[in-house]
Amino acid sequence: MTQAEIGDPSGGVIDTWLATHRDQLVGWRRHIHAHPELSRQEVATTELVMAELTALGLAPRRLPLGTGVVCDLGPSTGQRIALRADMDALPITEHTGLAFSSTVDGVSHSCGHDAHTAILLGTAAALASAPELPVGVRLVFQPAEEVMPGGALDAVAAGVTEGVSRIYALHCDPRLPVGSVGLREGALTSAADHIELQLRSPGGHTSRPHLTGDLIYAMGAVITGLPGILSRRIDPRSGTVMAWGAAHAGNAPNAIPQEGMLRGTVRTGEHGTWADMEPLVRSVIGELLAPLRVLYDLSYFRGVPPVINDPLAVEVLAASVATLGPTAVADTPQSPGGEDFSWYLEQVPGAMGRLGVWNGLGPQLDLHQSTFDIDERALDVGVRTLAGVVFIGSPGAPI
């Protein structure tokens, strides 16, 4: 029997729950979507998750900082796998026109975390309806994914990976059609660090730049020089990208300013390169500015490591996705974006899949856009995938 012929790996538990509770699953997503909460402010979302899990007869626990939930079910001894969803929204004004649009000014679920939370709630409910589970399960509803270095660090510090053998997650992907899940072994996302460079000069007249430190010229040297030199010092196969997002200095056309500021990001898909990035950036900036008589302060903010998908965990995810049909498993490229799921993978092996949410008809909108939305059929796919790994990835299962 092929994986695609296995069907519901739970023996009907997942199919039965979805057939009778699909409206509830959609309702959870729409309620969370209409009431978004920013990172570390996910109070109402936490209350909703706590209440729904308690109603299932489970014993959820808030994470120590007050938002986020962890909950165990299934056997208390033996192997345990974790399933994670993030809960926070973004400071973006929604322009979807949906009947259940955000009711919070300037805040919206423009990255799909409302779907992630609803999917894990549905997965919990489907698993709780099973007479027994072949393996212990830990549900992790995580706050603050959208801020670096991410709420995953707080969850790890609270012990959510203790006793866990593997961890899985899904993330909405508007580039993939609904019904598919993109999978990739190895690097799925990139490490993402922030840098802020403050520059200082005595200032002066633009007719006499030789008498002072030309701050604007120095900024230009760093703006062009740092990305260029990094591209010559780092193996291009690492997927390293340095780009500036903000540059501010001066007002008058004939005055060399005394202060300037640059902000940017450095991203790489290779863990070893990420470890060496800060000293390299500091060295290059120092070399660029040394001859220019400009003082500076460099703040380097370490973000998140790359998500490195474990091959066995990807195999388990693929087996679960394949039960949806022969074309459900899709390839996906490495993304230069950051994702704090990587912090869990520093502790235990696991994998993240990209959940297709495009309806196949309209434009393929990107994440973090004010018009981002999902095809809600993806909620079913998400529940089938995450619940499926509990059965497929357990001892004695088909894989």
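The values are calculated or read from the model by the stated rules, or taken from the named source; none is laboratory data. Because the structure is predicted, anything quoted here is derived from the model rather than measured. Cβ sites come from the backbone with ideal geometry, for glycine too, and all protein chains shown count toward neighbours. Remember, those area values only see protein heavy atoms, side chains included, never the ligands or the DNA or RNA. Shrake-Rupley method; radii C 1.70, N 1.55, O 1.52, S 1.80 Å.
Under 8 Å for C-alpha pairs, at least 6 residues apart: give me the relative contact order for the chain, rounded to a whole percent.
For the chain, the relative contact order is 25 percent.
Just order 146-159, 377-390, 346-359, 325-338 by mean Cβ neighbour count inside 10 Å, highest at the front, would you?
377-390, 346-359, 146-159, 325-338
How much net charge surrounds ALA191 when only other residues with a Cβ under 9 Å from its Cβ are counted (Lys, Arg +1; Asp, Glu -1)?
Spelling it out: positives minus negatives among the neighbours equals 0.
Take each of the peptides 28-34, 291-297, average the number of other beta-carbon atoms within 10 Å over its residues, and list them starting from the highest.
In decreasing order of mean packing, 28-34, 291-297 become 28-34, 291-297.
If you count the DSSP beta bridges with both ends in the chain, what percent of them are antiparallel, to the nearest 5?
That works out to approximately 65 percent antiparallel.
Pop out the carbon and sulfur fraction of the accessible area of the chain as a percent, whole number, probe 1.4 Å.
On the chain, the fraction of accessible area on carbon and sulfur atoms equals 54 percent.
Taking the 0 to 90 degree range and rounding to the nearest ten, how far is the long axis of helix 311-322 tilted relative to the main principal axis of the chain, both from C-alpha atoms?
On a 0 to 90 degree scale, this one is about 50.
Sum up the charges of everything whose Cβ sits under 15 Å from the Cβ of TRP244, counting Lys and Arg as +1 and Asp and Glu as -1, but leave TRP244 out.
Local net charge: 0.
Any chance you could tell me what percent of the C-alpha pair distances in the chain go past 25 Å?
The calculated P(r) of the chain puts 59 percent of pairs beyond 25 Å.
Under a 1.4 Å probe, what is the accessible area of the chain per residue, stated in Å²?
42
How tilted is helix 13-34 with respect to the longest principal axis of the chain? Cα atoms for both, answer in degrees (0 to 90, nearest 10).
40
Go through the range 83-91 residue by residue and turn each phi into a ³J(HN,Hα) via Karplus (6.51, -1.76, 1.60, θ = phi - 60°); whole Hz please, and just put x for glycine and proline.
Each residue of the range 83-91 in turn: 10, 10, 9, 9, 10, 8, 10, 10, x Hz.
Using a 7 Å offset from Cα along Cα-Cβ at THR20, what residues in the range 108-150 end up with backbone N under 11 Å from the label point?
129-130
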